[in-house]
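Participant: I have a structure here, written as C-alpha cells, and I will follow up with some questions on it.
Quick note: the coordinates plus some simple rules give every number you see, no bench work behind them. Treat the numbers as computed from the prediction; the structure is a model and nothing was measured. Cβ coordinates were reconstructed from backbone atoms using ideal geometry, including for glycine residues, and neighbour counts include every protein chain displayed.
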Ligand SMILES: [Zn+2]
Ligand SMILES: [Zn+2]
C-alpha cells in the first residue's frame, strides 16, 4: 500500500514538473518526484546518505512544500492534501486534475476551469469590463457633395447622402458594412448635394428617425427624399437646438438649426461626443449661421471638424475656427469642381490654425476611428499627399525634392499667390486668380521665401 502511494505521489510530482516546466518549481517537483520513487536501487542510496527515516520523510515533505509554494495558485490548492502519506483518494484526484490540465493546456488554455480562475485572479478587471466599444466615421467620397456614415457600438447614423447619382454609392457602403438598420439619418439641409443620395440608404435599410431642418422644399429631389423619409425613416423630424440623441455610447447634440430662408444657413450643425473626442459637423452653414452659434455661447471645442460648405470661403470663419480649435479637418469636395472649393482662404485659415486636413478630392474615402482618446485617420489613396495645411506636411514634401526636381528640370516657372503664399504650376486649375505673380527659379527658393506648394498640382 505504502509503495503504491509513493508511486502515485512520485508520478504526480514528475507530471507536475512537466506541466510547470521550465519554472523553478518544476525543478523542485522533479527532485521530490525522484526522491519519492520507491525503487530499491534509489532508496538504498538514500538510506546510506541519510540513515534516519524521519529525516528522509522530512526532506521529501520539504521538497514537495517548496515546489508547491513556488507554483501558481491552482497548484497550491491541489497540494494541500498532497503531502507524503496522505489518503489515496486525494492524491488520485489531484493527479486527475493535473492530467486534465496537461491535456487541455495544449490546444486551448482557457478551457481548463482552474486556469480560468487563475486568469480572473491575475487580471480582475477583464471580466468586469463592458463590451468592447467602437467608434468610426467613414467620410464617403461623393465628389462635390457630403456624406458620412458614423458607427458607434454597432449603431449607425448617416449624415447626408451626396447627390442623386450617389444613391448607389450610399447603398453599396451600407451593404458592404452589413448595416441592418440606421438609428438616425441626418439631412443637414435641403440641397441636392446633401439629400440627393439618401434614398439609396432607404432602399437598403430603414432608420428610426430622420432629421432635417425643413419639412418642405420645392424641388423634385427633396420630394423624393421626403417620400423615402416618410416610408422608411419615420418621417421628417425638425430638431431644436439643444436636442441630444444617443448613438451607442456616443452623444449627438444639435448646436444649430437656423430656420431662415437661406438653405445653407439652415443647416443642422451637430456635435458628436465619444469619450474625450468630439466631432463637429456643420453641413453647409456659412458665416451667418456660424455667428448665430457663436452667439449662443455653446462649447464648440472639437477634435475633428467636418469643414462647412465644402471649404467655401464663406464658411469656417476665424472666430468660429478659433472656438473649435480642431486637430483635424475633413473637407468633402469634388476634384476640379466649378466652385473653386476648397477656397485658398479657407485652407489658409486651417493652415494657420495648424490643422491636419483630409480632403475627399485628394484622398478619396476617408476613415477615422476613435478609442475615446486618440483618433486615427486612414485614407483610400494619396496618403502622403500635401493638403497644404500645416508645416509637417510641407516638410514631407521637402523631403522628396528629387521627384519634384525631375518634373521641374525643363520649366522653373511657377504661379504664385502672394496673399496665401502658395505656388502652383502655371497650368494648375487651382492657381491664383487674384494676387497672382509669376516666378522663375527653383522650388527651394520659393520655400525659402515662405511659399508652400499647391496640394493639387504638387509643384
Ligand atoms: Zn453642399
Ligand atoms: Zn448647400
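Participant: Tell me, in nm to one decimal, what length is gained between residue 288 and residue 216 on full extension, where the rule is 0.36 nm per residue of separation less the Cα-Cα distance? Mind showing how you got there, number by number?
Facilitator: Details: separation 72, 0.36 × 72 = 25.92 nm, distance 2.20 nm.
In short, 23.7 nm is gained.
Participant: While we're looking at this one, here's another question. Applying a 10 Å radius around every beta-carbon, put 146-153, 157-164, 336-343 in order of their mean neighbour count, most first.
Facilitator: Working: 146-153: 23.9, 157-164: 26.8, 336-343: 16.9.
With the highest mean Cβ count within 10 Å placed first, the list reads 157-164, 146-153, 336-343.
Participant: Where does each of 133-144, 165-176 land if you order them by average Cβ count within 10 Å, highest first?
Facilitator: Answer by packing, highest mean first, reads 133-144, 165-176.
Participant: Say each of residue 383 and residue 251 gets a label point 7 Å from the Cα, pointing the same way as Cα to Cβ; how far apart are those two points in nm?
Facilitator: 3.6
Participant: Mind giving me the FRET efficiency for residue 175 and residue 295? R0 is 35 Å, r the Cβ-Cβ distance, nearest 0.05 is fine.
Facilitator: That pair, residue 175 with residue 295, gives E of 0.25.
Participant: Given R₀ = 25 Å, FRET efficiency for residue 206-residue 168 by Cβ-Cβ distance, to 0.05? Provide the component values of the computation, followed by the final result.
Facilitator: Details: r = 18 Å, r/R0 = 0.72.
Rounded to the nearest 0.05, the efficiency is 0.85.
Participant: Want the number for residue 434 to residue 318: 0.36 nm per residue separation, take away the alpha-carbon distance, what's left?
Facilitator: On the way: separation 116, 0.36 × 116 = 41.76 nm, distance 2.11 nm.
Stretched out fully, the residue 434 to residue 318 stretch lengthens by 39.7 nm.
Participant: Just to verify a number: FRET efficiency for residue 3 and residue 369, C-beta to C-beta distance, R0 = 45 Å, to 0.05?
Facilitator: For residue 3 and residue 369, the calculated efficiency is 0.10.
Participant: Which value in nm describes the separation of the simple spin-label points at residue 337 and residue 237, placed 7 Å from the Cα toward the beta carbon?
Facilitator: Modelled inter-label distance: 2.9 nm.
Participant: In whole angstrom, how far apart do the alpha carbon centroids of the stretch 357-390 and the stretch 321-338 sit?
Facilitator: 11
Participant: Follow-up question, since we're still on this one. With just the Cα atoms of the stretch 234-314, tell me how far they stretch along each of the three principal axes, in Å, largest first.
Facilitator: 34, 31, 24
Participant: May I pose another question? At 7 Å along the Cα-to-beta-carbon direction for both residue 244 and residue 327, put a label point, then send me their distance in nm to one decimal.
Facilitator: For residue 244 paired with residue 327, the spin-label model returns 2.3 nm.
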